[in-house]
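A short write-up of the structure that comes next.
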Amino acid sequence: MAELDVMDHDAVAALLAQVANGDQGAFASLYESTSGRLLGICLRVLSDRAEAEDVLQEVYVTVWNKASNFDAGRARAMTWLGTIARNRAIDRLRALPAPYSRASIEIAEATPDLGPTPAAHAEIADDRIRLNVCLDKLEPRRQVLIRTAFFEGATYEELASRSGSPLGSIKSWIRRGLMQLRACLEQ
Amino acid sequence: MNTPIEQFDDGAEQIPPSDEVRAGEYVLGVLDADGRRSAQARIANESGFAALVHEWEQRFSGWLMGAPVVTPGAHVWPRIRSRLGWSPVASARPGVWNSVAFWRGAALLATAASVAAIMIGLQSPGPVAPPVPAVVQAPAAVVQPAPVAEEAAARPVTVLARDDGNAGWIARIDTATGKLLMVPVPSPADAQGRVNELWLIPDGQAPLSLGFVSNEKAHTIVMPASVRQALAIGGTLAVTLEPEQGIPHAAPSGPIVAKGGIQQI
């Protein structure tokens, strides 16, 4: 699958520009080249394949309608698409009737290896390395909570219940962790 | 039994988080449904808050893009088309863009990855002039990217538009290497078996052939010295349908299928 690991923001941005003009052929190409990555993003949050594929449909309808909102000067094209997919997936997760229970979180232990797979594109890898380096500077429980929150889309309440820690502590750890991350990333 | 630190942590919950933290919470994904809705309303209405969210999205983009690639089921694409009110089956053949070789080739040339800004100008191609080579109405302005450090190597592109105004190809000229990257929006092959031939038409001069150009896959073309010397702003890139035999031809004989004025190099 890695061979379809499309990370050429340039080509994707070009397609988006054509989609913004109403070019259906470009839209088909965009789907071909990006839908695998976007489904992967949805599946990280929604482990249910049917839900994830349904969200993926919403995502591309949104992309067709909102392609003109893409501002190449502000965001990389794949990041823009991926953000739409992730937000739609989390919104769906929140809307699902009965949240399925997920594994408990052991926040006293060392960081589990939840890291993403290696990417083909050096620039993306650089972003990830910087983020990981900064995360590693946080105390372990903040690391675990922030990773779990991001990769599973878990709410504060879920994190509290899964880790057996008070909600207030969870919020506080994550908020401080976020500010530490920001400070580190902006160095 | 809480340690003093824990107690301090618990107390922090009472203080409403700053916008900076709230934006981070939204992007991290810890807000519940109500929290997300109110954050989304603020994103829509408060540009300052939206900017904070945008910054957090960039910070976490490395993790976002680390998601695995999972090919969707075949039913997804027709359903997207249906949701858009289109017929479920398209005449286009998106499969050709699966080509690994294509994406590798494109990626190789797109070295300065987030060339982002170069495409801004592509969003509003005007009507295309009738196929008169010497008098060219450029279909799309190419906007020089804003100076962003990592985009220093951004290169402008030329859009070759078809008569209906849709892009047929996107060309990126690299004068340093003398190469031209041609990215097609896939189109059906010619029913009469002709192939696409690319031409540079220097302003007011006769066309120079750059040889075959694919209607399916992106590829690079090494420009001959004669073409490199003639390459200048004001020239035109055009694609014509020609017999495969004898490419590159001395002069075009078939109809122009797409063209675009070179506005920047």
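Quick check on the stretch A:80-93. Is at least one of its residues crowded, with 19+ Cβ neighbours inside 10 Å, β-branched (Val, Ile, Thr) and at pLDDT below 95?
No, the stretch A:80-93 contains no residue that is crowded, with 19+ Cβ neighbours inside 10 Å, β-branched (Val, Ile, Thr) and at pLDDT below 95.
Somewhere in the stretch A:68-75, is a residue assigned to a helix (DSSP H, G or I) and at pLDDT 90 or above?
Scanning the stretch A:68-75 turns up at least one residue that is assigned to a helix (DSSP H, G or I) and at pLDDT 90 or above.
Yes/no matrix, rows are residues, columns are (1) touching a Gly at 6+ places or on another chain (Cβ under 8 Å); (2) in a loop (DSSP other than H, G, I, E, B); (3) at pLDDT 50 or above:
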site: B:Glu20; (1), (2), (3): no, no, yes
site: B:Glu25; (1), (2), (3): yes, no, yes
site: B:Ile43; (1), (2), (3): no, no, yes
site: B:Trp63; (1), (2), (3): no, no, yes
site: B:Trp77; (1), (2), (3): no, no, yes
site: B:Ser114; (1), (2), (3): no, yes, no
site: B:Ile118; (1), (2), (3): no, no, no
site: B:Val128; (1), (2), (3): yes, yes, no
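Restricting to the stretch B:159-176, name every residue that is in a strand (DSSP E or B), more than 10 Å from chain A (Cβ to nearest Cβ) and modelled with pLDDT under 85.
Passing the criteria: B:Ile173, B:Asp174.
Within the stretch B:41-62, count every residue that is without any contact (Cβ under 8 Å) to a residue 24 or more places away in the chain and hydrophobic (A, V, I, L, M, F, W, C).
Looking only at that region, the number is 5.
Among the listed residues B:Ser226, B:Ser253, identify the single one that is closer than 16 Å to B:Gln192 by Cβ, among the hydroxyl-bearing types (Ser, Thr, Tyr) and surrounded by fewer than 21 Cβ atoms within 10 Å (Cβ to Cβ).
Step by step, each of B:Ser226, B:Ser253 is checked, and only B:Ser253 is closer than 16 Å to B:Gln192 by Cβ, among the hydroxyl-bearing types (Ser, Thr, Tyr) and surrounded by fewer than 21 Cβ atoms within 10 Å (Cβ to Cβ).
Can you name the condition, by its number, that A:Ala89 falls short on among (1) at the interface with chain B (Cβ under 7 Å from one of its Cβ atoms); (2) in contact (Cβ under 8 Å) with a residue 12 or more places away in the chain; (3) closer than 22 Å to A:Ser47 by Cα?
With (1) at the interface with chain B (Cβ under 7 Å from one of its Cβ atoms); (2) in contact (Cβ under 8 Å) with a residue 12 or more places away in the chain; (3) closer than 22 Å to A:Ser47 by Cα applied to A:Ala89, the lone miss is (1).
Looking at the stretch B:155-176 only, could you name the residues that are farther than 22 Å from A:Gly73 by Cα and β-branched (Val, Ile, Thr)?
Correct list: B:Thr175 only.
What are the residues in the stretch A:133-167 that are among the basic types (Lys, Arg) and either within 21 Å of A:Arg92 (Cα to Cα) or crowded, with 20+ Cβ neighbours inside 10 Å (or both), if any?
A:Arg141, A:Arg142, A:Arg147, A:Arg162 - these are the residues of the stretch A:133-167 that are among the basic types (Lys, Arg) and either within 21 Å of A:Arg92 (Cα to Cα) or crowded, with 20+ Cβ neighbours inside 10 Å (or both).
Among A:Ala28, A:Ala52, A:Ala13, which is the only one that is small (Gly, Ala, Ser), more than 7 Å from chain B (Cβ to nearest Cβ) and crowded, with 22+ Cβ neighbours inside 10 Å?
A:Ala52
Restricting the search to the stretch A:16-25, which residues are within 7 Å of chain B (Cβ to nearest Cβ) and among the aliphatic types (A, V, I, L, M)? Spell out how you get there, then give the answer.
Start the filter on the stretch A:16-25 by keeping residues that are within 7 Å of chain B (Cβ to nearest Cβ), which leaves A:17-18, A:20-21, A:23-25.
Across the stretch A:16-25, the qualifying residues are A:Ala17, A:Ala20.
Checking the condition touching a Pro at 6+ places or on another chain (Cβ under 8 Å) and hydrophobic (A, V, I, L, M, F, W, C), which residue from A:Ala183, A:Ala160, A:Ala154 passes?
A:Ala160
The values are calculated or read from the model by the stated rules, or taken from the named source; none is laboratory data. What you see is a predicted model; the values in this text were computed from it and never measured. Backbone-built Cβ (ideal geometry, glycine too); neighbour counts: all protein chains shown.
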